[in-house]
Amino acid sequence: MKQFLITILFLSSLLAVDDSVNIKAKVVEKDVVVYAQNRNPFCITVKYDASYTNLSADKKLPLLFVIKPFTKEEILHLKILKNKFSFKAHYDWTIGSKDAKHDDSYIYKLPYKTGTVQKVSQGFNGKFTHFNNSQYAVDFGMKEGTEVYAARDGVVVKTKADSNSGGANRSFEKHANEIIIEHNDGTLASYTHLKQNGVLVKVGEKVNRAQLIGYSGKTGYTRGPHLHFIVYKATDGKNRKSFPIKFMSAGGIVNNPTIGQVYRSH
Ligand SMILES: [Zn+2]
């Protein structure tokens, strides 16, 4: 009987304790087969790389691919060339599909009650935090407990409402309460810094434009109470790209929400 020396190691840099995404290799007869499983209710984009010896892969690495919600699929197949082989893999994943194409003609509702006004406290390319992955985010300086409304139809794919902690330091980032809504073009909207228990919608729920979805707050990485709103998609296993969206205000279409300006929701 043949003896196989198998070294299969996996390193996931992200969310070591989170098993919502699972990528595993199995030896099946003379092959190593790698399966990816996404247990989340949203698409994910994965970057997968591996180093190996005495194996022959059916695809060129690294792989960059999208897995649909609640799906498991084979992503890689390697032939065992010699009994003694090694295999070491690494992957990153991020929420959303890299293949989403934003509908640039869509005019978003300002995410607060129709007829009310809010002041922009940070616009596109804002110097405090609106760069890189957050380039086209908009902050509305609303006071804690202000009603937040959906800016566009979609399906809720993620919520967090249990945090009561926030501050002007990156270490607070993971403590932000938020709602993430997926649009029909595959892009995502995040409504962030919501107050504790300030989420009125559930994962899987369909929401309509102008539907009340939660209450603003100051949780997470923030200097004070406001709503951070952004529309984006994944670009690879770690990064995302945001879109310079347009809003409808009582005064007309807003192409570039500007710091210090006040806009009335329509
Ligand atoms: Zn912001």
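The values are calculated or read from the model by the stated rules, or taken from the named source; none is laboratory data. Here the structure is a predicted model, which means the values were calculated and not measured. Please note: Cβ atoms are built from the backbone with ideal geometry, for glycine as well, and neighbour counts cover all protein chains shown. Heavy atoms of the whole protein, side chains included, go into the accessibility calculation; ligands, DNA and RNA do not. Shrake-Rupley method; radii C 1.70, N 1.55, O 1.52, S 1.80 Å.
Below are the figures for this structure:
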read-out	value
Selected residue (criterion: surrounded by the fewest Cβ atoms within 10 Å (Cβ to Cβ)) from residues of region 20-31 that are touching a Lys or Arg at 6+ places or on another chain (Cβ under 7 Å) and over 24 Å from Val203 (Cα atoms)	Lys30
Strands (runs of 3 or more DSSP E) enclosed by region 84-138 - at least 3 residues per element that are open to solvent by less than 20 Å² (accessible area, probe 1.4 Å)	84-95
Condition check for Leu194: within 15 Å of the ligand (Cβ to nearest atom) and touching a residue at least 60 places away in the same chain (Cβ under 8 Å)	no
Selection from region 55-83 of residues that are open to solvent by less than 70 Å² (accessible area, probe 1.4 Å), assigned to a loop (DSSP other than H, G, I, E, B) and closer than 21 Å to Val28 by Cα	Leu61, Asn83
Selection from region 126-143 of residues that are charged (D, E, K, R) and closer than 15 Å to Tyr221 by Cα	Lys127, Asp139
Failed item, numbered, when Arg264 is tested on (1) open to solvent by 60 Å² or more (accessible area, probe 1.4 Å); (2) not in a strand (DSSP E or B)	(2)
Qualifying residue in region 122-143 (condition: away from the ligand (no atom under 12 Å from the Cβ) and closer than 30 Å to Ala36 by Cβ)	yes
Any hit, region 170-178, residues being acidic (Asp, Glu), open to solvent by 60 Å² or more (accessible area, probe 1.4 Å) and either within 16 Å of the ligand (Cβ to nearest atom) or within 23 Å of Asn239 (Cα to Cα) (or both)	yes
Hits in region 95-121 (condition: among the β-branched types (Val, Ile, Thr) and within 16 Å of the ligand (Cβ to nearest atom))	Val120
